[in-house]
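The values are calculated or read from the model by the stated rules, or taken from the named source; none is laboratory data. Owing to the predicted nature of the structure, the values given are computational and were not obtained by experimental measurement. Glycine also receives a Cβ, built like all others from the backbone with ideal geometry; neighbour counts cover every protein chain displayed. Note: accessible area is taken over every heavy atom of the protein model, side chains too, but ligands, DNA and RNA are not part of it. Shrake-Rupley method; radii C 1.70, N 1.55, O 1.52, S 1.80 Å.
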Amino acid sequence: MTRITVAKGDGIGPEIMDATLEIILAAGAKFEIDEIAVGEQVYLAGNTSGIASESWDVIRKNKVFLKAPITTPQGGGYKSLNVTTRKFLGLYSNVRPCMSLHPFVSTKHPVMDIVIVRENEEDLYAGIEHQQTDEVVQCLKLISRPGCEKIVRYAFEYAKQQNRKKVTCFTKDNIMKQTDGLFHQVFDEIAKEYPEIENEHWIIDIGAAKMADTPESFDVIVMPNLYGDVLSDVAAQITGSVGLAGSANIGEECSMFEAIHGSAPRRAGQNVANPSGLLQGAIMMLNHIGQTDVAEKVQNAWLKTLEDGIHTYDIFKEGISKQKVGTKEFAKAVIANLGHKPSILKPVSYAKNSALNLPKYKRKPAANKQLVGVDVFVHWTGSNPNELAEKIKKIESSDVKLSMITNRGIKVWPDGFQETFCTDHWRCRFKPTENAEINKSTIIELLKQAVTENIDTIKTENLYSFDGKAAYSLGQGQ
Ligand code: NAD
């Protein structure tokens, strides 16, 4: 029998987990449970990741993890267990269905039914940050082809399986031409393999505005990590309540299912919390492990219970709700409705074969990669870029010449504007002289000369072309 790992978490966690398990087991879910401790007590016992190493063994062995919210203690030094789990286990896909339950849960968007598919491992969440000068810090935004292919394919396969009609991609590739550009390019490539599913791309700013204004014009939306993090909360909130949404974190080997809300410590131990968010996570888990008939039964009973006006305090509204209930009573009402379907809200019918057809990533043949220049980043506290250019030109050689200086990306030499504000962080771009070629030794010589000239170099970035195409950004204004 399937074994799953369960963590009851902190705050309202144990109450909503008990209610969730009671409902799905009553509906006929078949699995055995290994319970592990995560969260506050583990953190406070001195484990900065909030989980003991033996618990990782259990999670990795069972592969399916149902997790209640946890409390991250105040104060520095405690690492987010969610981010650690997603990355350790390669849970690259975060799926968050956001659906209105009008007229039973009040919302400005009565016909909203969208699914956000958020890339979960890379982007600015790679967590590679450095302070480079007194005035400037950086965070590396890493986007990879395998990362893009996996998440975009997941979105299309999910749409196909769930009988959804359209997949939309949100990026900011008008600005980030390399990183978001790759995400968009991969989206266009993979979309062609799914002619039966409509596809479109929106620049994230206007796309987000449109999603908040007319969510009914979207279906599945796929996006890089940071945008997905922000917009999936917005989408859940505008359905009426973040307390009703669950999320699935899916990887090639393992998966984790949870509510999107936190541990609500002030509500703990009072039998008032709404277990719906975690229940939605558990329903996604049942679909994932192939128990689609049970998932369907639970979801329809849950919809019927909301339709009956049996509501926990967070969604209770005079005139709409009929009975205000606690966590346990809500669970009992859902159990009593097992086998029934809602009559106003649309009953669900899940696809029988829940396994998505996700091929392993295949690395493409390597392109012809050529070193065509180097950006040398310099810490310098002067203000006149022409003075810096004079200084930097002293390290030129017969092979490489200074071609441009930028400050925070904007070209300040040659022909900069005196109005441009400059920090102490300068990028000096070197290109080969006519008929010369640049190689790694040229760069090492350049840096050696910089040491001799007392120039404070803080990092270099090699400039490459791939199959003859320049693969780096120009300076703004260049
Ligand atoms: P929260 O989501 O716990 O609570 C926000 C508000 O929503 C509160 O008013 C709370 O009473 C209400 N609420 C949340 N879930 C509810 C439910 N099921 N039923 C009824 N009301 C509910 O957010 P917070 O207060 O910012 O965070 C509390 C703790 O949770 C923090 O330690 C935070 O780090 C943690 N957290 C954990 C997770 C997770 O484990 N996935 C996610 C977010 C926050």
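A straight Cα-to-Cα reach below 18 Å connects Lys8 with the lysines Lys63, Lys67, Lys328, residues fewer than 8 places away in its own chain not being considered. Ellipticity at 222 nm from helices only: DSSP H runs of n ≥ 4 in the chain, each -39500 (n - 2.57), divided by the residue count, give -10000 deg cm²/dmol.
The orientation-averaged shadow of the Cα convex hull for the range 369-470, equal to a quarter of the hull surface, comes to 6.4 nm².
Which FRET efficiency value, to the nearest 0.05, do you get for Lys317 and Ser398 by plugging their Cβ-Cβ distance into 1/(1 + (r/R0)^6) with R0 = 56 Å? The calculated FRET efficiency here is 0.10. A 1.4 Å probe run over the chain, with the rest of the protein chains in place, finds 47 Å² accessible per residue. Relative contact order of the chain: 16 percent, from C-alpha pairs under 8 Å at least 6 residues apart in sequence.
The calculated FRET efficiency for Leu356 paired with Thr214, based on their beta-carbon distance and R0 = 41 Å, is about 0.90. Please list log₁₀ I(q)/I(0) at q = 0.20, 0.29 Å⁻¹ for the range 80-125, using the Debye equation with identical point scatterers on the alpha-carbon positions. One equal scatterer on each Cα of the range 80-125 leads to -0.69, -1.00. Loop-located GluC sites (Glu not before Pro) across the range 300-401 with a Cβ neighbour count of 11 or fewer within 10 Å are Glu318, with loop assigned by DSSP. In the range 107-152, the alpha-carbon atoms span a convex hull of 118 Å³ per residue.
The translational diffusion coefficient of the range 316-447, from Stokes-Einstein at 20 °C and 1.002 mPa s with a Kirkwood hydrodynamic radius over alpha carbon pairs, comes to 99 µm²/s.
Helix 13-26 and the long axis of the chain differ in direction by around 60°, with both axes built from C-alpha atoms. Residue ranges 118-130, 142-154 sort as 142-154, 118-130 when ordered by packing (mean number of other C-beta atoms within 10 Å per residue, highest first). Just so you know, the Rg over Rh for the range 250-409 is 1.37, from Cα atoms, with Rh as the Kirkwood radius.
Which entries of Lys431/Lys469; Lys61/Lys352; Lys87/Lys210; Lys369/Lys394; Lys79/Lys177 have Cα-Cα distances beyond 20 Å here? Result: Lys61/Lys352; Lys87/Lys210; Lys369/Lys394; Lys79/Lys177 exceed 20 Å.
Contact order, relative form, for the range 369-470: 47 percent (alpha carbon pairs under 8 Å, 6 or more residues apart, mean separation divided by residue count).
Placing a label point 7 Å from the Cα of Lys79 along the Cα-to-Cβ direction, the residues of the range 105-136 with a backbone N closer than 14 Å are 126-128. Applying a DSSP loop filter and a limit of 13 other Cβ atoms within 10 Å to the chymotrypsin sites (Phe, Trp or Tyr not before Pro) in the range 400-478 leaves Phe417, Phe421. The C-alpha atoms of the chain define a longest principal axis, and helix 225-238 lies at about 40 degrees to it. Residues in the range 81-109, backbone N under 20 Å from the label point at Ser343 (7 Å along the Cα-to-beta-carbon vector): list them, ranges by number please. The answer is 101-105. To put it simply, the accessible area of the chain at a 1.4 Å probe is 51 percent carbon and sulfur. The stretch between Gln161 and Gln185 holds 6.3 nm of extra length on full extension. This uses 0.36 nm per residue minus the Cα-Cα distance.
Placing Lys440, Lys67 in order of accessible area, with the largest value first and a 1.4 Å probe, yields Lys440, Lys67. Pair-distance distribution of the chain: all C-alpha pairs, bin width 10 Å, starting at 0; shares per bin in whole percent are 4, 17, 24, 21, 15, 10, 6, 2, 0. Give me the distance in nm between label points sitting 7 Å out from Cα along the Cα-to-Cβ direction at Ile128 and Gln370, one decimal. Spacing of the two 7 Å Cα→Cβ label points: 2.6 nm.
Highest mean first, the peptides 169-177, 223-231 sorted by other C-beta atoms within 10 Å per residue fall in the order 223-231, 169-177.
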